[in-house]
Amino acid sequence: MSLSTRIADFDDPRFDPFETFESATQSDSDEDPYVRLAGMREQKSVFAVDYRELLGSPPDETMRDLAKYMVLGSPEIQQVLETPQVFSNTIFERNVGLCFGRSLTVMDAPEHTRYRQLFQKAFMPNVVSKWGETLVDPVVIGLIEGIKHKGRADLVKDFTKYYPFQIIYKQLDLPQADIGTFHKLAVGLTCIVVDVAHGVEASQKLGAYYSLLLEERRNSGGADLVSTLAQAEADGERLPDVVLVSFLRQLINAAGDTTYRATSSLLVGLLTNPDQLEAVRRDRTLIPAAIEEALRWEPPVTVCPRLTLQPVVLDGVEIPAGSEIDAMTGAYNRDPARYENPDHYKLHRKQQRHMGFAYGQHVCIGQHLARVEMTRALNALFDHLPNLRLDPDYPPPKVAGVNMRVPAAVYVRFDA
């Protein structure tokens, strides 16, 4: 029996994980959350509040019993994310752990350190840079070929929503027949915060599929990511299957979804500032700065939760052990004490550290790949869609959401 005949859809094939997940990341309000957070930060740095309830987002069903604190001050956010012995990633065992399994996200040191070293070898800059031509360009150019004769497009629906996921399919060398169900199950994993049953079902079915994939690839000598990770060693140690399967479960969401959102926001930042768009179009050496400013201005993930392992005081607020601490990294990136006019996308802003890919021990392991993908995507859009600009027949794009922000659409015109 071939591998592709063994990937199973949800028991209820009518379940739509895409709609369920987007509804969980949006807000009931059109209010810009950064305006509210900026006003609160002027009062104090730490609040005893659930940011989801505050900003109109659906509650996380897996965290209902925890006392919740929101951290807005930059020094306090940095303290939370660089002190894992007090502020623990094990909070993710409640949601991410249920669907992804024993992934790096749920681990603290020393376990996290040991396994991250093994995974990191596959995502170092010198490795991912080689994927630009072989993996990224064929996907990016293929999608653009499908729209360049039309003269207009929605770059979210026609491009950013698909290109990072298709790159992952190539990395994993998935059978073409599996991709539709695979993507559906992968998105289903992320629904865990509002729909535990479907999240767990997706986890079980993807786990079974990945276990078969590992068995098939372990001794194949292939160059795909599954084969590479299955054979990775450090000091004679290989990754345990339970950890490897968990990493692969999380990959499509951690890499694909993050890059989709980041690229979409990058396009909003440039297209709504035509002078900056033209500057980058004329001088491609500005692309890295354009990407870093987009990651600061509209990071794809704006909150990093942690669990207090002991009582702690933050900015005078006493927080008991066993509390959820939501470090608002998006607020860090909009702190006027760190960035002048932080709510504006400014290409020529002085570069300094941001938290677009989080911070500390759990900084995004795929950040180098995301930057390669975004760089080559933007270059290809400039190369193949001449005179790219906003479509005046539609309202300007707007980034929306609470934790995982993205524009619903980016309507553009170009010379066909």
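The values are calculated or read from the model by the stated rules, or taken from the named source; none is laboratory data. The shown structure was predicted, so the numbers you read here are calculated from the model rather than taken from an experiment. As a convention, Cβ positions derive from the backbone with ideal geometry for all residues, glycine included, and neighbour counts pool all protein chains shown.
Numbers below:
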read-out	value
Those residues of region 347-359 which are in contact (Cβ under 8 Å) with a residue 40 or more places away in the chain and surrounded by fewer than 18 Cβ atoms within 10 Å (Cβ to Cβ), in sequence order	HIS348, ARG349, GLN351, ALA358
Checking ASN403 against (1) closer than 24 Å to THR90 by Cβ; (2) without any contact (Cβ under 8 Å) to a residue 60 or more places away in the chain; (3) not in a strand (DSSP E or B), the condition it does not meet	(2)
Unmet requirement for MET124, which otherwise passes all of (1) within 27 Å of VAL372 (Cβ to Cβ); (2) touching a residue at least 40 places away in the same chain (Cβ under 8 Å); (3) surrounded by 14 or more Cβ atoms within 10 Å (Cβ to Cβ); (4) out of contact with any strand residue (DSSP E or B) (no Cβ under 9 Å at 6 or more places or on another chain)	(3)
Number of positions in region 163-193 that are over 18 Å from the mean Cα position of the chain (by Cα) and of a type in the set (Val, Ile, Thr)	2
Selection from region 97-112 of residues that are out of contact with any His (no Cβ under 8 Å at 6 or more places or on another chain) and within 20 Å of SER211 (Cβ to Cβ)	GLY97, LEU98, CYS99, PHE100, GLY101, ARG102, SER103, VAL106
Filtered residues of region 216-228 (kept if within 19 Å of GLN171 (Cβ to Cβ) and either surrounded by fewer than 22 Cβ atoms within 10 Å (Cβ to Cβ) or at pLDDT below 85 (or both))	GLU216, ARG217, ARG218, SER220, GLY221, GLY222, ALA223, ASP224, LEU225, SER227, THR228
Options VAL194, VAL139: the member that is surrounded by 17 or more Cβ atoms within 10 Å (Cβ to Cβ) and touching a residue at least 60 places away in the same chain (Cβ under 8 Å)	VAL194
Strands (runs of 3 or more DSSP E) within region 255-323 that include 2 or more residues under 25 Å from the mean Cα position of the chain (by Cα)	304-308
Test for VAL35: is it of a type in the set (A, V, I, L, M), assigned to a helix (DSSP H, G or I) and within 16 Å of ALA358 (Cβ to Cβ)	no
Residues satisfying the stated conditions in region 363-379, i.e. in contact with a Ser or Thr (Cβ under 7 Å, 6 or more places away or on another chain) and either assigned to a strand (DSSP E or B) or not hydrophobic (A, V, I, L, M, F, W, C) (or both)	GLU373
Pairs where the first residue, in region 326-343, is within 24 Å of THR90 (Cβ to Cβ) and the second is in a helix (DSSP H, G or I), C-beta under 6 Å, 6+ apart	ASP326/TYR51; ALA327/ILE77; ALA327/VAL80; ALA327/LEU81; ALA331/LEU37; TYR332/SER74; TYR332/ILE77
Filter result for ARG249 (basic (Lys, Arg), modelled with pLDDT of 95 or more, in contact with a Leu (Cβ under 9 Å, 6 or more places away or on another chain) and in a helix (DSSP H, G or I))	no
Contacts under 7 angstrom Cβ, first residue in region 212-237 being in contact (Cβ under 8 Å) with a residue 24 or more places away in the chain and more than 22 Å from ILE167 (Cβ to Cβ), partner assigned to a helix (DSSP H, G or I) and among the charged types (D, E, K, R), 6 or more apart	LEU212/ARG6
Given (1) more than 23 Å from SER227 (Cβ to Cβ); (2) surrounded by 21 or more Cβ atoms within 10 Å (Cβ to Cβ); (3) hydroxyl-bearing (Ser, Thr, Tyr), index of the condition TYR162 fails	(2)
Count of region 294-340 residues which are closer than 13 Å to TYR34 by Cα and not charged (D, E, K, R)	11
LEU3 being closer than 30 Å to LYS205 by Cα, of a type in the set (A, V, I, L, M, F, W, C) and at pLDDT below 95	yes
Region 47-73: number of residues that are surrounded by fewer than 19 Cβ atoms within 10 Å (Cβ to Cβ), within 29 Å of GLU111 (Cβ to Cβ) and at pLDDT 95 or above	2
Top-ranked residue in region 14-31 [being in a loop (DSSP other than H, G, I, E, B), of a type outside the set (Gly, Ala, Ser) and modelled with pLDDT under 90; ranked as surrounded by the fewest Cβ atoms within 10 Å (Cβ to Cβ)]	ASP30
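For (1) over 18 Å from the mean Cα position of the chain (by Cα); (2) at positive phi; (3) modelled with pLDDT under 95, each residue gets a yes or a no:
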residue	(1), (2), (3)
PHE357	no, no, yes
GLN361	no, no, yes
GLU373	no, no, no
LEU390	yes, no, no
PRO396	yes, no, no
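To keep it simple, each residue is scored yes or no on (1) over 29 Å from ARG413 (Cβ atoms); (2) under 19 Å from the mean Cα position of the chain (by Cα); (3) at pLDDT 95 or above.
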{"residue": "THR83", "(1), (2), (3)": "yes, no, yes"}
{"residue": "LEU104", "(1), (2), (3)": "yes, yes, no"}
{"residue": "ASP108", "(1), (2), (3)": "yes, no, no"}
{"residue": "TYR115", "(1), (2), (3)": "yes, no, no"}
{"residue": "LYS161", "(1), (2), (3)": "no, yes, no"}
